[in-house]
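The values are calculated or read from the model by the stated rules, or taken from the named source; none is laboratory data. Quick caveat, the model's predicted, so the values are computed rather than measured. Neighbour counts run over all protein chains shown; Cβ positions are idealised from the backbone, glycine included. For the accessible areas, the whole protein counts, side chains as well, though only heavy atoms, and no ligand, DNA or RNA atoms are used. Shrake-Rupley method; radii C 1.70, N 1.55, O 1.52, S 1.80 Å.
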Amino acid sequence: MCGIVGYVGSNEAADFLLEGLRRLEYRGYDSSGVVTAQDGTIDVKKTAGRVESLSQLLKTSPARGGVGIGHTRWATHGPATDENAHPHLGGDQIVALVHNGVIENYRGLKEKLLERGYEFCSDTDSEVVAHLLAYELRNLSDDVNESIDPYAPLIVAVQNMLTQLQGTYGLAMVFRDWPEVIVTARLGSPLVLGVGDGENFIASDGSPLAGRTEKIVYLADHEIAIVTADTIRVIHRDQGDVRHDIKVLDIEAADIDLGRFDHYMLKEIFEQPETVRNALRGRLDRDEATAVFGGLNLSAQQLQSVQRFVLTACGTSWHSALVGEYMIENLARIPVEVEYASELRYRNPPLSTGTLLFALTQSGETIDTLAALREMKRKGHPTMSICNVVGSTIAREADGGIYLHAGPEIGVASTKAFTAQCVVMSLLALYFGRLHHLSYEAGLHIIDDLEKLPEQVETALATHDRVRQIAEKYADRNNFLYLGRQYNFPAALEGALKLKEISYVHAEGYPAAEMKHGPIALVDEQTPSVFIVPQSAVYDKVLANLEEIKARGGPVIAVVDDEDSRVTEVADDVIVVPAVSDFLQPIVASVPLQMLAYHIALIRGCDVDKPRNLAKSVTVE
Ligand code: F6R
């Protein structure tokens, strides 16, 4: 959701800005823009639409200068128009800024600025921040001493401006009269700095930095950075200078290359044998028949005394939490509650001591998940993150955590992060199972199953051609049902979500047996039902549910793990995936469902990697 880039150095800033904005496209946006500072002017170029439109604009009207910032906007206040696109100018064009986040008190601030004679060109909350900054710059008190610190006016003006804002922000600002510097500030909206040689970079996540530098600084909330080509200075909004650690960027340029694939989503689907392997790497201990984690940061006694898990997440991550609920309750026999983060943050559930919170999040920046984590921390519960993005806010704020190591996920629809989260869930189930009742032998069986999983995911990918044919057959349908039971119920939910988000086709996921309590009324010849029905304890029951759909004329697509099963006789179309233990079925079954959504979306002419209205990391409530 919204992206920020910035460059200070001896090259043309616009080159990095454009490339960086392209790499941030995956976050979701509807307009873009850049500003450069040079020779006493600041030059804004912005437009509604794709970064490609901005690129065309810059060809006819270049933005020159070695200092600049850029932005992709995902509309919150006002529609996607040229005027509402960022950057926004403040005062008589003495400052320009880009902003991620939401300023909740912008109306009151705007009224005051209007009274002071400021004029607004946009509907955005961000333009209010630009004018407020210009106002603070113009009205500095006399004791701000520029001769001791040349950037003192900027710092004081930014600090004064920030203290008036309520809400969240990741801000990057350029100044007409200090054309060699960019100032950034963050509260609740991520910002990172890339440390180069005679040049420095700014971005809202690490992907624009890949291939430019391996040194990254993660800004924390309330921090302000003053960035020139040779220096980075970080100060706390209220407490003065703070030390900043330089970390190693974990993204390589190759990670964000499309390679032989047409879309990131397909590339990421096909990366899953490797990402599953990476999620398992170094985490299986055959001697103890358990899983090992480096980052839980809890004492043996604390781990032993966990009596209940709360798993919280949004969207696809919530589905992997549901898979985790089945795994942990079955294998570790510890009660689990799965909560939408957006609900948990405002609910006040009575939670006993011994409750351990896991926040599942690909991006580590989802604002609802972050808020739920903070709420649980406030109440004294230990919190863990299961996260893909190293150094992300949730990973840093949790007491401990487990990284997915899936590499950057750029397709907006989550695929490899989902399966990696499910793998981590299975490792947690094994780990906590072995702390309690699970025998050594049972632990070893689980390890055997997990070790085979990457290859089985590879085999599931071999259904690609078959899935493509099925997609061709059903791509014109406007309603789908996805049905499964037990472990495969969350897989049904996830299959339906994938189809909805990238093909804009209505799809509902249900526990198969719930059909007859209402949704069966939807069944007709035009409504395919996708059944996930591998061999399991509930096989016969799901088969009965499937027959009920067939009896009403509904076409059935079945994901099975046995070519000769009774389901294949009844279903219209069958996808055969490898047979795996029941707790791993949702991982293997999800692979063809991801491909089905992909191909249906493609046939319907949808932009698979950048579906309408969606954003990759949802940093507004
Ligand atoms: C769907 C999808 C979203 C995210 C959700 C939470 O494909 O990706 O539903 O799962 O927005 O995001 P994270 O996992 O980054 O917290």
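Only residues that are outside any loop (DSSP other than H, G, I, E, B) and either within 16 Å of the ligand (Cβ to nearest atom) or open to solvent by 40 Å² or more (accessible area, probe 1.4 Å) (or both): list them for segment 588-621, please. Break it down stepwise before answering.
First, pick out the residues of segment 588-621 that are outside any loop (DSSP other than H, G, I, E, B): 588-603.
Within segment 588-621, Ser590, Val591, Leu593, Gln594, Met595, Leu596, Ala597, Tyr598, Ile600, Ala601, Leu602, Ile603 qualify.
How many residues does segment 570-587 contain that are assigned to a loop (DSSP other than H, G, I, E, B) and touching a residue at least 60 places away in the same chain (Cβ under 8 Å)?
Residues in segment 570-587 being assigned to a loop (DSSP other than H, G, I, E, B) and touching a residue at least 60 places away in the same chain (Cβ under 8 Å): 4 in total.
Restricting to segment 209-235, give me the number of residues that are in a strand (DSSP E or B) and either among the β-branched types (Val, Ile, Thr) or within 20 Å of Ala157 (Cα to Cα) (or both).
In the first step, residues of segment 209-235 are kept if they are in a strand (DSSP E or B); the result is 215-218, 223-227, 232-235.
Checking which are either among the β-branched types (Val, Ile, Thr) or within 20 Å of Ala157 (Cα to Cα) (or both) leaves us with 216-217, 223-227, 232-235.
Matching residues across segment 209-235 total 11.
I'm told Asp582 meets every condition in (1) open to solvent by 50 Å² or more (accessible area, probe 1.4 Å); (2) within 14 Å of the ligand (Cβ to nearest atom); (3) at pLDDT 95 or above except one. Can you identify the failing condition by its number?
Checking Asp582 against (1) open to solvent by 50 Å² or more (accessible area, probe 1.4 Å); (2) within 14 Å of the ligand (Cβ to nearest atom); (3) at pLDDT 95 or above, the one that fails is (2).
Limited to segment 401-413, what total is found for residues that are within 14 Å of the ligand (Cβ to nearest atom) and either open to solvent by 10 Å² or more (accessible area, probe 1.4 Å) or among the acidic types (Asp, Glu) (or both)?
6
Of all the strands (runs of 3 or more DSSP E) wholly in segment 37-124, which have at least 2 residues that are on the phi < 0 side of the Ramachandran plot and of a type in the set (Ser, Thr, Tyr)?
41-48
Which of the residues belonging to segment 493-551 are acidic (Asp, Glu) and open to solvent by 20 Å² or more (accessible area, probe 1.4 Å)?
Answer for segment 493-551, where residues must be acidic (Asp, Glu) and open to solvent by 20 Å² or more (accessible area, probe 1.4 Å): Glu501, Glu508, Glu514, Asp524, Glu525, Asp540, Glu547, Glu548.
In segment 549-573, what residues are within 25 Å of Thr316 (Cα to Cα) and touching a helix residue (DSSP H, G or I) at 6+ places or on another chain (Cβ under 7 Å)?
Listed by number, the residues that qualify are Val556, Ile557, Ala558, Val559, Val560.
For a quick check of your reading: which helices (runs of 4 or more DSSP H) sit entirely within segment 286-390 and have at least 1 residues that are open to solvent by less than 10 Å² (accessible area, probe 1.4 Å), more than 29 Å from Ile410 (Cβ to Cβ) and outside the structural domain of Tyr440 (by TED's automatic domain parsing)?
In segment 286-390, no matching helices (runs of 4 or more DSSP H) lie anywhere.
Give Asp562, Asp540 a once-over and let me know the one that is at pLDDT below 95, more than 23 Å from Ile603 (Cβ to Cβ) and not in a helix (DSSP H, G or I).
On the way: Asp540 fails: not in a helix (DSSP H, G or I).
Going through Asp562, Asp540 in turn, the sole match is Asp562.
I'm trying to understand the selection: among the residues of segment 425-470, which are within 24 Å of Val577 (Cα to Cα) and not in a helix (DSSP H, G or I)?
The answer is Ala462, Thr463.
Do we find a residue being out of contact with any helix residue (DSSP H, G or I) (no Cβ under 8 Å at 6 or more places or on another chain) and either at pLDDT 95 or above or within 16 Å of the ligand (Cβ to nearest atom) (or both) anywhere in segment 252-265?
no
Can you report the number of residues in segment 322-378 which are in contact (Cβ under 8 Å) with a residue 12 or more places away in the chain and within 15 Å of the ligand (Cβ to nearest atom)?
28
Among the residues of segment 1-35, how many are in contact with a Cys (Cβ under 8 Å, 6 or more places away or on another chain) and assigned to a helix (DSSP H, G or I)?
1
For (1) within 13 Å of the ligand (Cβ to nearest atom); (2) free of Cβ contacts under 8 Å to residues at least 60 places away in the same chain; (3) in contact with a Gly (Cβ under 6 Å, 6 or more places away or on another chain); (4) small (Gly, Ala, Ser), each residue gets a yes or a no:
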| residue | (1), (2), (3), (4) |
| --- | --- |
| Thr383 | no, yes, no, no |
| Gly391 | no, no, no, yes |
| Ala395 | yes, yes, yes, yes |
| Asp399 | no, no, no, no |
| Thr415 | yes, no, no, no |
| Gln421 | yes, no, no, no |
| His437 | no, no, no, no |
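Among (1) at negative phi; (2) under 19 Å from the mean Cα position of the chain (by Cα), where does Gly364 come up short?
All conditions are met except number (1).
Per-residue answers, yes or no, for (1) out of contact with any strand residue (DSSP E or B) (no Cβ under 7 Å at 6 or more places or on another chain); (2) more than 17 Å from His263 (Cα to Cα):
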residue	(1), (2)
Gly553	yes, yes
Val567	no, yes
Pro592	no, no
Ser617	yes, yes
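Could you tell me which residue of segment 465-487 is surrounded by the fewest Cβ atoms within 10 Å (Cβ to Cβ), considering only residues that are out of contact with any helix residue (DSSP H, G or I) (no Cβ under 6 Å at 6 or more places or on another chain) and under 30 Å from Leu331 (Cβ atoms)?
Among them, the one singled out is Gln486.
Quick one: in segment 442-464, which of the residues that are of a type in the set (A, V, I, L, M, F, W, C) and over 20 Å from Met327 (Cβ atoms) is nearest to the chain's Cα centre (by Cα)?
Only one residue tops the list, namely Leu461.
Is it the case that some residue within segment 46-59 is open to solvent by 20 Å² or more (accessible area, probe 1.4 Å), under 16 Å from Arg22 (Cβ atoms) and of a type in the set (Gly, Ala, Ser)?
yes
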